[in-house]
Amino acid sequence: MSNAQAPWQVLIITSGNAGEGEMLESTSREVQAKGAKVLLAAESDAVAQVNQAEASKDRFAVVVFGPGLRDALSLARKIRVFCPEAHFLFAPNRTEVHSLKGELQRAPMIGKSWSVADFDQHVLPDLIVEAANTNRRRLQLHTTLDRANRQIGTPKPIESHSYRRLVNSDYYLKSFLSQAHEAVVSLDAASRVLYWSDGAERLFGLRLDDVAGRQVSQLPFWNETLASYLDQVRAGDETVKTEIEVSGLQGVAQVEAVISKVREDSGALIGFSLFLRDVTERNRALKAERKAQHDFTLAVAEKEYQRRLFESALSSSLDQVYVLDLDGRFLYANQALADQLELDLDWVIGKKTADLGFPEETVRQIWDHIQQVITTCDSVRSEVPFTAASGKRWVFDYIFVPVLDEQGRIEAVAGKTRDITEHRETSERVWKEANYDSLTQLPNRRLFRDRLELEVKHAERNGASLALFFIDLDRFKEVNDLYGHGAGDELLREAATRIHSCVRESDTVARLGGDEFTVILTELDDEHVERTAQKILDELARPFRVQENICHVSGSVGITLYPSDAVEPADLIRNADQAMYNAKNSGRSQFSFFTRSLQDEALTRLRLMTDLRHAVSEKQLRVYFQPIVRLADSAIVKAEALVRWEHPARGLLLPNEFIQLAEESGQIKRLGNWVFTQAAQWSKRWSQLLGRTFQISINKSPVQFEGRGHKMNWAAHLKEKGMAGNSISVEITEGVILNATATTSDKLLELQEAGMELAIDDFGTGYSSMAYLKKFDVDYLKIDMSFVQDMASNASSRTIAESIIVMGHKLGLKVVAEGVETEDQREWLRSAGCDYAQGFLFSKPLTPEAFEACLKSQAEGVQKTDQV
């Protein structure tokens, strides 16, 4: 049998019941050596060469290996107890051998491994193996090689004291390693696993059976870092200690690794030991500890920074910051406090507030606040006025908060004081500007509404009554237009003073805007309301001296009562406004109480305003014409266009019933343009009828000159119709030219440049000056009917009328008298030199058809206007 095919032979020889040198049993089994199968079997020729004398002498088994040992070593390169993965069984009798078949126990090596190199040198060290017999005897196996390169091992019993010490130390070591938490791994010189502790099993989840004899590099936990350190030890270092990460049973683990060389007594390297301690939790704890320490250090630094920052902020703060003990003494104060009081900061510490020069009342208020903090253990905020000996007044905002000790007991009071004098003055100024009229210093509309709501609630709680006055100044606009806004403002201030002098301190006088004032009267008696209203009217009727000019105005007062007329503030305001308009329409300079009929009138006005929006589109408007005659011969030379509204429910309405509504609602422009087109149409027709230009006068409201809504170019319209510009005469009030804006002036000049003539209506009731008359190149002055109708009984009216005629003629203007109703009036006007007249004496306003009939009759020489 060649060496390559020679079987391995394991002989177990014993001196038991069998004869000396008798082979009791031979066993064969396959073992793995790096993937190759090696058969261990009995070989008779090997037994024959055993030194029987030696075996008999020692009375112990002799183990003989067959001639294939070298081949096996070449294949395995390194063996563990004679051959790779081999198991050796030492038994005293046949019974034990049979009972252990199939359960061959591993004989753990205590000592060194044999290698091929050792075999080649014929020097194999002694090995100590543990037999599997019942008394666990330990055998020392001495090995030699015979001439046939067979290895003969002679086991010898170890019965001495040193043997027992060795056995005990072995058990102690096993017990220690099994209990240790660390992983202990022993490698042979070729890096194969020889020992694998329980700690290694817990760390990596692998048992000794899984790893024994395997290259450590094949195990899951091994990595390049461990390999480099093992190479470092193999190359020269005795021990390397490091901390690395490995793959463990629970994932990546941080381990403290110690890799050391293992040498025999002679110093020869026989392997390596690995000591691996799982320090994952320790590192995590250390990391947490370091982080906590770092955070603590940062927190301390932050606290220190905040402290310095806080001290810096306090020292540079404009607010006064301080700490007082429970007796009111200063424990701390910043520089702002000392600067405010003009005291030395060091002197302030330890002093009480009474020592700092505060007024007694201020000291008392501050001490009361401190006591409140001490009693309630809560913060207190208050504003405390402070007046210096010099008379200078401050207002301070105080905040006091408790300072608590570790037990939560108050030990001091911290305070912060801010000078809010300027802020308070600014706030008061802003509030006053928002709630008071800057011109008269009376409450404005906003504050008036607030006061009215409060007084209504007060009256409701107490079962009391109150009165609300709405006051409008009559003819104020004329003063404002004539003398300018400065004069108007002066008059308003004086009017406010006069009204305020007529009421009690408990009453409220307010200015809503323009020339409108209100009065809230409380705590009424039976006659107080009328008495106060009449007193106001009398005061307003007295002449006003404005910029060295004497002006006469009056007032109209509307009155409503709570709770008889209304209980809601908004309803009271509306009622008083309606009553005021009623007083104004009733002749001015009088007062009027609100009645339900006034409310009905207001509703009627609202409905009319709504209906007026559809009057033009639904063709409900009509144009009437009133003749203007030449006084010298009573011939009709002109006409004034007057609008009428054919209301579907109320019948024919005159201008005084809806023109003001049209102005208020913004419909006047649309309505005025419609009247103009109608007047232009009839002027063209009648001019053709008479063979000359027949002029028609049209009233143009001041509102029509404002804004851009319903804009119409009258001049372009006349040109388009082929009509002369003087076919139309535009009548305006004195206020239009006196208060003319740039836009109004441009529009007036535009009309005149187109050839249209300009007439001042109701002249004598306003304050026109000759300068304005010349500026706008006025063509006609129309004397107000009030002067004409009073001529017979009022010499002043005659004087005014005569003055207008004379002035007009001197300025090159024509004069028209309105409202002529009697022959005496006509005769007087004619004799005074008045040019034209209109009125019921000559004709009432006529429909276009009736007016045309008059023109035809006049053309035929027959005047029939009185019969029409």
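Laboratory data are not the source of any read-out in this text; all were calculated from the coordinates shown. Since the structure is predicted, the reported quantities are computational estimates derived from the model, not experimental observations. Neighbour counts run over all protein chains shown; Cβ positions are idealised from the backbone, glycine included.
Observations
- Sequence-separation-based contact order of the range 783-868, relative, with Cα cut under 8 Å and 6+ spacing, percent: 24 percent
- Amide proton proximity set for Asp474, modelled H, under 5 Å, gap of 5+: Ser554, Gly555, Ser556
- Counted charge near Pro648, where neighbours are those whose Cβ lies closer than 9 Å (Asp, Glu -1; Lys, Arg +1): -2
- Under the shape rule built on the C-alpha gyration tensor, where the axes satisfy a ≥ b ≥ c, the range 571-683 is oblate, since a/c reaches at least 1.5 while a/b does not exceed b/c.
- Residue-count net charge about Met723 - beta-carbon cut-off 14 Å; Lys, Arg +1, Asp, Glu -1: +3
- Links that overshoot a 31 Å alpha carbon limit, given the list Lys477/Lys721; Lys584/Lys684; Lys747/Lys782; Lys814/Lys856; Lys477/Lys775; Lys719/Lys856: Lys477/Lys721; Lys584/Lys684
- Shape class of the range 440-591 from the alpha-carbon gyration tensor: prolate, with a/c at 1.5 or above and a/b greater than b/c.
- The range 658-683-the range 237-278 distance, computed between alpha-carbon centres (Å): 113 Å
- Ordering of 287-299, 574-586 by packing is 574-586, 287-299, highest average first (other Cβ atoms within 10 Å, averaged per residue).
- If R0 is 35 Å, the Cβ-Cβ spacing of Arg429 and Gln335 corresponds to a FRET efficiency of close to 0.70.
- Summing charges over all other residues whose Cβ lies under 13 Å from the Cβ of Ser427, with Lys and Arg as +1 and Asp and Glu as -1, gives -3.
- From most to least packed by mean Cβ count within 10 Å, the peptides 466-473, 395-402, 729-736 give 466-473, 729-736, 395-402.
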